[in-house]
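Colleague: Attaching a single structure in structure tokens format; questions to follow.
The values are calculated or read from the model by the stated rules, or taken from the named source; none is laboratory data. Worth saying up front: this structure is predicted, and the values here are computed from it rather than measured. Counting neighbours? That spans all protein chains shown, and the Cβs are built from the backbone with ideal geometry, glycine included. Quick note on the areas: whole protein, heavy atoms, side chains included, nothing else; ligands and nucleic acids left out. Shrake-Rupley method; radii C 1.70, N 1.55, O 1.52, S 1.80 Å.
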Amino acid sequence: MIEFRGRCKSKKKRIYSMLETNGEMNTSQILQDYNSRYKRGCTMNELASILGRTKHFIQVGFIEEYVKGDGVRLPARVRLAIWSVKE
């Protein structure tokens, strides 16, 4: 197992092990999986910061989804990053 430094060591270890077992996952999948497993959850802002700043995670690509607008909200484009573990 890799030794992590800085803040949120346990969160980094947990996310690393999730990505090792599941393979590539997008940001929302990681967030939902993490919050369903652990009592002390993670916010999207924390997760994005951990994934973006830690050198052991690599961004593989993007998923683009187009969400239809209903009566209240306008149609929107949603881009989700796909993450993996650096070899």
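Colleague: Most mobile of ASN26, ASN35, ASN45 per a Gaussian network model of the chain (Cα springs, under 10 Å)?
Modeller: Per the Cα network of the chain with a 10 Å cutoff, ASN45 tops the list.
Colleague: Hey, another quick one. Which of the lysines could be linked to LYS9 by a straight reach, that is with a Cα gap under 23 Å, when you skip same-chain ones fewer than 8 residues away?
Modeller: By straight Cα distance, LYS9 reaches LYS39, LYS55, LYS86.
Colleague: Quick one: with all protein chains in place, what share of the accessible area of the stretch 2-41 is carbon or sulfur, to the nearest percent (1.4 Å probe)? Walk me through the numbers before you get to the answer.
Modeller: Details: 1130 of 2720 Å².
Carbon with sulfur: 41 percent of the solvent-accessible area.
Colleague: What translational diffusion coefficient, to the nearest whole µm²/s, does the chain have by Stokes-Einstein, given a Kirkwood radius computed over alpha-carbon pairs, a temperature of 10 °C and 1.306 mPa s viscosity? Let's see the in-between values first.
Modeller: Values: Rh = 14.0 Å.
The calculation lands on 113 µm²/s.
Colleague: Would you please name the chymotrypsin sites (Phe, Trp or Tyr not before Pro) within the stretch 1-52 that are DSSP coil residues with at most 13 other C-beta atoms within 10 Å of their C-beta? The partial results should precede the final answer.
Modeller: Values: sites: PHE4, TYR16, TYR34, TYR38; in loops: PHE4, TYR38.
Here the chymotrypsin sites (Phe, Trp or Tyr not before Pro) that fit, given the DSSP loop and packing criteria, are TYR38.
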